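Colleague: I'd like to ask you about the structure that follows.
The values are calculated or read from the model by the stated rules, or taken from the named source; none is laboratory data. Nothing here was measured: the structure is a model prediction, and the numbers come from that model. FYI the Cβ positions are ideal-geometry reconstructions off the backbone, even for glycines, and counts take in every protein chain you see.
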Amino acid sequence: MSESKQISCLIVDDEAIAREIIETHLSKLKNIEVVASCSNAFDAFKHINNRNIDLVFLDINMPEISGISFAKSINSDIKVIFTTAYRDYAVEGFELKAVDYLLKPISFERLKKALDTYFDIYGNVTTPSSAIETVSDFMFVRSDRKMIKIDYDSIFYIESLSDYLKIHLENETIVTRETISAIEAKLPKHLFLRIHRSYIISINCIQSFTNEYITINNQSLPISRSYKKEVLKQLEKF
């Protein structure tokens, strides 16, 4: 059975955090090479002219040259997965024969599904699942002007406070400027659970729970009404 080919990818998005999320997800996969991460179409054109690119993760709503215009201008052999915060462009995106259309924030599971579609149609592969490597057990966040490695199993819960987050660990709290939705997209869903617009908790660290609260590290965290049904559904599985 033949080996999977190496897929050369380009990430194009004017939002740094969006590029970082996609690059983090792709780092968990094998046979995927991120050639470059670009903030605009002009930079992306330079890489396409100098490298053989197979697949582009492409934001639609960008300044100067939109993702739609960019996709129309590149060689049709280069496949596109659109990434956007807006549903309005879905029809136009699929008219361009995009592989998939991902709504932000993009979870690892959803991105993997899009790549499975790509491998099914275009990949010289055995099966799409053969592209998956063991998922990493850590992430990096920016704090105090540096990137800090955080092991997933060291996290008790994550708290959103206005325009920054507190990541509560066993012996310290790390503060980072990031939205809770963006960091939720990075976290493995089988380990973490969003229970409130301001809280994500580690499932393994739950001490007890009721219909209203979850207790972690002797802290009672509220389950909001909008998340309650899904939270209790997930917890009943254990």
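Colleague: Looking at LYS97, LYS79, which is the one that is more than 19 Å from ASP14 (Cα to Cα) and modelled with pLDDT under 85?
Modeller: Matching residue, one of LYS97, LYS79: LYS97.
Colleague: Could you say whether any residue in segment 173-194 is exposed (fewer than 14 other Cβ atoms within 10 Å of the Cβ) and free of Cβ contacts under 8 Å to residues at least 12 places away in the same chain?
Modeller: Among the residues of segment 173-194, at least one is exposed (fewer than 14 other Cβ atoms within 10 Å of the Cβ) and free of Cβ contacts under 8 Å to residues at least 12 places away in the same chain, which makes the answer yes.
Colleague: Checking THR215 against (1) within 26 Å of the chain's Cα centre (by Cα); (2) free of Cβ contacts under 8 Å to residues at least 40 places away in the same chain, only one condition comes out false. Which one?
Modeller: Result: THR215 passes all but (1).
Colleague: Could you please find all residues in segment 32-51 being closer than 21 Å to TYR122 by Cβ and over 21 Å from the mean Cα position of the chain (by Cα)?
Modeller: If the condition is that a residue be closer than 21 Å to TYR122 by Cβ and over 21 Å from the mean Cα position of the chain (by Cα), then HIS47, ILE48, ARG51 are the ones that fit.
Colleague: So, in segment 1-23, exactly how many residues are crowded, with 16+ Cβ neighbours inside 10 Å and at pLDDT 90 or above?
Modeller: Adding up the residues that qualify gives 14.
Colleague: Moving to a separate point now. Have a look at ASP54, ASP59 and point out the one that is at pLDDT 90 or above and within 16 Å of the chain's Cα centre (by Cα).
Modeller: None of the other options fit; the residue is ASP59.
Colleague: Looking only at segment 145-170, how many residues end up being over 17 Å from ALA16 (Cα atoms), surrounded by fewer than 11 Cβ atoms within 10 Å (Cβ to Cβ) and touching a residue at least 12 places away in the same chain (Cβ under 8 Å)?
Modeller: 2
Colleague: Something else: Residues to consider are ASP116, ASP88; find the one that is at pLDDT below 85, part of a helix (DSSP H, G or I) and in the same structural domain as ILE17 (by TED's automatic domain parsing).
Modeller: Of the residues listed, the single one that is at pLDDT below 85, part of a helix (DSSP H, G or I) and in the same structural domain as ILE17 (by TED's automatic domain parsing) is ASP88.
Colleague: Quick check on segment 34-51: of everything there that is at pLDDT 90 or above and under 11 Å from CYS9 (Cβ atoms), which residue is surrounded by the most Cβ atoms within 10 Å (Cβ to Cβ)?
Modeller: SER37
Colleague: For segment 219-232, indicate whether the set of residues that are within 24 Å of PRO105 (Cα to Cα), in contact (Cβ under 8 Å) with a residue 12 or more places away in the chain and acidic (Asp, Glu) is non-empty.
Modeller: Checked segment 219-232: no residue is within 24 Å of PRO105 (Cα to Cα), in contact (Cβ under 8 Å) with a residue 12 or more places away in the chain and acidic (Asp, Glu).
Colleague: Here is a follow-up. Just to verify a result, which residue in segment 195-212, among those that are touching a residue at least 40 places away in the same chain (Cβ under 8 Å) and under 19 Å from the mean Cα position of the chain (by Cα), is surrounded by the most Cβ atoms within 10 Å (Cβ to Cβ)?
Modeller: Per the criteria, the residue is ILE201.
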